[in-house]
Amino acid sequence: MGLLGTIGVFVGIAIIIFLSAKGVHITIAAPVATLVILLMNGMDIMGTMLGSEPSNFMGSLGNYVTNYFAIFLLGSILAKLMETSGATVSIADTILSKIGEDNPFLVMVAIFVISVILTYGGISLFVAMFAVIPLARPLFKKMDISWHLIQLPVWLGIATITMTMLPGTPAIQNVIPMQYLGTTLTAAAIPSILASIGAVTFGLIYMKITLERSIAKGDTYATYITEDGEEVEEQDLPAFLPSIIPLLVVVVMAISGSVFGNEYIQANIIYFALLLGILLSVVLFYNYIPDIGKALSQGGLGSIGPIFATALAVAFGAVVMGAPGFQTISDAILKMPGGPLVSLTVLTALMSGITGSSSGALGIVMPAYAEHYLAAGLAPELIHRVAAIGSNILTVPPHGGAMITFLSIAGLNHKNGFKEGFIIVTGSAIVAQIIMVVVGGLML
């Protein structure tokens, strides 16, 4: 059963990726792939699928929904209020007036910078998606940039430097290693900064090349649009200042609470910030939203698909980690040539790809393997940053919760909304990891 179980893990992973890439919804792809792994590993099908333990499929799914549904719900409602009121259009118009309408690349850079500010300020990447994608849509439409390229600035802004690389980032991926290594948020600060510079350089170059290719092909905003979403035309728009206030409040509250708050405030500030953002939106945009109740309902409904899609991918990953066949894989990685930094990179990257979650990968690697790498003589700060960046390399696979959520919010699919996003995240993370391993290995 040992070899068959290991093969089963790879087969299950291949199935969920294949089905997701072919457009089969994760509600089908995840259970099917999980069943294959259970059968080939000789595991208890009913107990593992329906059990309530965190290592079981339904147990993991339920835990994820319980822990993160409020974030998805509040973020979706805030985004819908801003979109329906025309606040996002107002902000987009102001950005265009400052940047000009003759440089699409600068518009994409502006979206990247906004995404960085939000996530470095403590906003989760899921909340940032709900805020930035509606904001970017009118910008792309006015400049006639192919909508599928929205992947590039958003993913580069929310899922690279502010997630695992920049010292001080409050992202959960930067917090998890601290619990097992005794490090801080600024672990390996100098090599981390250099790695971040390398990641951004790669990302911006790839973004510019891809944009130029798209323009040369004659792509327009509508080329890859696959949804029939309502578009609000010719409506009165709120002024720029009230339009931006809800987002500014969310960012300022998140940063202030994370830096100055006590343990309770730090753990819950994002909920208070989003609630206040929603209340401000209702007050400031009341005269610009025809039906407040309808907008709130649409925002609430819009959170259900993304949260369950993400939870299903995480549930699949939980079962994989508990499969006997996976132990053989992890043992092989620990013994691979190239030294402990290489094996740590491969281990965290692989687990991130399997679970579709960098935080999920770190939550598995750190408690199970931190002592192993400390015993190998690595500095805790180096383990912290190498593991974090390693988890970034495959953090947006086709079946990943973040990818599925992004596609859902943007109205894209795997065929037109996956490749460029995967390349910009994975490429940036690989460049950053090379710099981290070389420079960090010399300094620490």
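The values are calculated or read from the model by the stated rules, or taken from the named source; none is laboratory data. Owing to the predicted nature of the structure, the values given are computational and were not obtained by experimental measurement. Ideal geometry is used to build each Cβ from the backbone, glycine not excepted, and the neighbour counts take in all protein chains shown. We work out accessible area using only protein heavy atoms, side chains counted, and drop any ligands, DNA or RNA first. Shrake-Rupley method; radii C 1.70, N 1.55, O 1.52, S 1.80 Å.
Some observations on this one:
- Segment 397-407 - phi-based ³J(HN,Hα) in whole Hz, Karplus 6.51/-1.76/1.60, Gly and Pro as x: x, x, 8, x, x, 5, 5, 5, 4, 4, 4
- Note on the chain: dipole from Cβ charges, positive end direction compared against 124, 329, 421; the farthest Cα belongs to 329.
- All-pairs alpha carbon distance profile, segment 327-444, 10 Å steps from 0, percent: 14, 43, 29, 12, 2
- Global geometry of segment 135-279, whether rounded, prolate or oblate, following the gyration tensor of its Cα atoms and the 1.5 cut on a/c: oblate
- Inter-part distance, segment 3-77 to segment 288-306, computed on C-alpha centroids, equals 29 Å.
- Assigned charges on the beta-carbon of Lys, Arg, Asp, Glu; segment 188-318 dipole about Cα centre (debye): 580
- Once all protein chains are placed together, residue 19 keeps about 40 Å² accessible to a 1.4 angstrom probe.
- Within the listed set 375, 313, 131, the Gaussian network model of the chain (springs between alpha-carbon atoms below 10 Å) gives the highest mean-square fluctuation for 375.
- Among the listed pairs 141/419; 22/335; 335/415; 22/208; 142/419; 141/415, those whose Cα-Cα separation exceeds 30 Å are 22/335; 335/415.
- Farthest positive-ward along the chain dipole, Cα basis, beta-carbon charges - from 375, 301, 205: 375
- Reported to the nearest whole Å, the Cα centre-to-centre distance from segment 340-386 to segment 134-196 is 19.
- Per residue of the chain, the DSSP helices (runs of n ≥ 4 H) give a summed -39500 (n - 2.57) that works out to -24500 deg cm²/dmol at 222 nm.
- Cα gyration tensor, segment 1-46 - rounded (a/c under 1.5), prolate or oblate: oblate
- Amide proton proximity set for residue 168, modelled H, under 5 Å, gap of 5+: 186, 187
- Heavy-atom accessible surface of the chain: percent carbon and sulfur, 1.4 Å: 67
- Rounded to whole Hz, the Karplus (6.51, -1.76, 1.60) HN-Hα couplings of segment 248-253, x for glycine and proline: 4, 4, 4, 5, 5, 5
- The residues 206, 264, sorted by heavy-atom accessible surface at 1.4 Å with ligands and nucleic acids left out, run 264, 206 from largest to smallest.
- With every protein chain in place and a 1.4 angstrom probe, the accessible-area ranking of 217, 294, largest first, reads 217, 294.
- Summing +1 for each Lys or Arg and -1 for each Asp or Glu among the other residues whose beta-carbon sits under 11 angstrom from that of residue 148 gives 0.
- For the chain, the longest principal axis of the Cα atoms and the long axis of helix 292-322 meet at an angle of about 10 degrees.
- Its Cα gyration tensor gives the chain an equivalent ellipsoid; the semi-axes, largest first and in whole Å, are 35, 25, 22.
- Area accessible to solvent at residue 183, 1.4 Å probe radius, in Å²: 10
- Within segment 19-146: Cβ-based charge dipole about Cα centre, in debye rounded to nearest 20 (Lys, Arg +1; Asp, Glu -1): 140
- With all protein chains modelled, accessible area of residue 438 [1.4 Å, Å²]: 80
- Angle between the chain longest axis and helix 324-334 axis [Cα atoms, degrees, rounded to 10]: 90
- 399, 372, ranked by accessible area, largest first (probe 1.4 Å): 372, 399
- Packing-based ranking of 78-85, 413-420 yields 78-85, 413-420, ordered from highest to lowest mean Cβ neighbour count within 10 Å.
- Probe 1.4 Å, protein heavy atoms only - accessible area per residue of segment 151-245 in square angstrom: 47
- Using only side-chain charges placed at the Cβ, +1 for Lys and Arg and -1 for Asp and Glu, the dipole size of the chain relative to its Cα centre rounds to 700 debye.
- Whole-Hz couplings from phi, Karplus 6.51/-1.76/1.60, listed for segment 416-425; x for Gly and Pro: 10, x, 10, 4, 5, x, 5, 5, 5, 6
- Degrees, to the nearest 10: 26-40 long Cα axis against longest axis of the chain: 0
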